[in-house]
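No lab work stands behind these numbers, since they all come straight from the coordinates. Given the structure is predicted, the values throughout are model-derived calculations rather than measurements. Here Cβ is always computed from backbone atoms with ideal geometry, including for glycine, and neighbour counts include all displayed protein chains.
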Amino acid sequence: MFDFTWSDLWSIDGDMIWLAIRETLRMTLLSALFAYLIAIPLGILLVVTKKGGIYQNRPINIILSSVINIMRSVPFILLAIFVIPLTRQIIGTALGSTAMIVPLTIAATPFIARLIENALLELDKGLIEAAKSMGASRLKIIYKLYLPECLPSIVLTMGISTITILGFTAMAGVLGGGGLGQVAFDFGYARFENAVLVACIIILVLITQIIQGLVFITYRLLNKK
Amino acid sequence: MGKALSVQNLSKEFGGGGEKFTALDNLTFDVKCGEIFGIMGQSGAGKSTLIRCLNMLERPTGGKIIFNDQNIADLGEWHLPKIRAQFGMIFQNFNLLAQRNVLKNIYFPLEVARNKNTETKARARELLELVGLSDKCKAYPRTLSGGQKQRVAIARALVNNPHILLCDEPTSALDSSCSADILNLLKSINEKFNLTIIIITHDQYVANEICDRVAIIEKGKITEIKKIKNRKEAKDV
């Protein structure tokens, strides 16, 4: 029996929740940032080395594509455990929200690389031909054509990817990763304090809506198509 | 009249190994400076492949393309951007950049081309006026009609002062009155700048309307090069 009344919410320690919100947002946004920094070049590489791409190169494309597929098929919680030694190397500890940025970034990067790839593939082949006909070098085609023309679509991927990372942070909480996930787990699961669980869920839903809303507004402002 | 471009024994085959498809079979023709040269044929005849070979968007598998006393068919990938920048090209589907406004579309070749002839942005505005769209300089392509898009594409193709303008079915996506406008614009550009224009089309009307000479291409071969009633001589008389 799920024992909960709405008035229980007022008895929750507000400072604890506020700290957890800040931890969650910090690890989500920093992981997203690092993942995008790595994933954008990878996404570009996937597109340009494809058959018919401007730097067509089958071996590179197949290797990169396979590595991404393999990494994407490892469930986040197992990946997070698997990379603990690496996390210790980089951060000095495997616990807490800062440490979780390492597995979160590693898990999100291949996923985002695929999203970037799809966004870039939307570019009309005719535009690449037109740019070539003007004398554009291949490098210029990437940063003067692909990236600016696909920028709105790339921004749109930020909604899905940030929300996915937010979901990962909840799992990270179970591994001592801090944030709302850990608060929900420690209090809601281990101590049957259902009010804390409900509060965390409500906050995560709100964060998701806000991220989605901001991303969509940015997309609408940027897109001229 | 000098030659703007000389094509000698040009061939293009697709598909290595087992099955080969010959798209262009040993074509030879010259394009004179300042003329409007048409290439006409049914779809699948090889005219799209041909026009893409002329600025090396497609690499021919045999023959020569002599442009400015140089066989450009021999050049490595690294040299091609510089050569291509000396051609302007317009397309059936206009190929405007959706995220750039009209003026910035016309700037685009200035930003990407490695070309000594690169002109200033003032030239972009002049060209926009020439194609009659000065009032649309801040508009985005999505808000333009087909005919307007093609006018922007023409201005963009001219901004680098090309020696030759290549037109790939420029009016096929337009209705007949828009087509006539675009053909008139091309004609006036040809006269004003003495610019050589090569235009491919499947449409007899287009060929008759603006071309000085037309090459008929069938199954990758030129079957005939005929003179259309010569506009220029008629005008000079």
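Here are the numbers for the structure shown:
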| item | result |
| --- | --- |
| Cβ-derived FRET efficiency at R0 56 Å, A:GLN89 paired with B:THR120, nearest 0.05 | 0.55 |
| Debye, to nearest 20: dipole size of chain A, +1 on Lys, Arg Cβ, -1 on Asp, Glu Cβ | 1360 |
| Loop-resident sites, segment A:26-110, for trypsin sites (Lys or Arg not before Pro), counting at most 12 other Cβ within 10 Å (DSSP) | A:LYS51 |
| Flagged links, alpha-carbon separation over 32 Å, of A:LYS140/B:LYS12; B:LYS104/B:LYS227; A:LYS50/B:LYS3; B:LYS64/B:LYS226 | B:LYS104/B:LYS227; A:LYS50/B:LYS3 |
| FRET efficiency for A:VAL74 and B:ASN161, using Cβ-Cβ distance with R0 set to 45 Å, rounded to 0.05 | 0.20 |
| Angstrom value of the Kirkwood radius, inverse mean 1/r, which spans all Cα pairs in chain B | 18.3 |
| Computed label-point distance, nm, for sites A:LEU214 and B:ALA98 using a 7 Å Cα→Cβ extension | 2.6 |
| Stokes-Einstein translational diffusion, segment A:1-132 - Kirkwood Rh over all Cα pairs, 0.692 mPa s, 37 °C, in µm²/s | 186 |
| Value of Rg to Rh for the protein assembly as shown (Rh from inverse mean 1/r over Cα pairs, i.e. Kirkwood) | 1.14 |
| Value in Å of the Kirkwood radius, where segment B:153-222 supplies the Cα pairs that are averaged | 12.9 |
| Order of B:THR28, B:THR120 - criterion: other Cβ atoms within 10 Å of each residue's Cβ, fewest first | B:THR120, B:THR28 |
| Kirkwood-Stokes translational diffusion coefficient of chain A, alpha-carbon pairs, 37 °C, 0.692 mPa s, µm²/s | 170 |
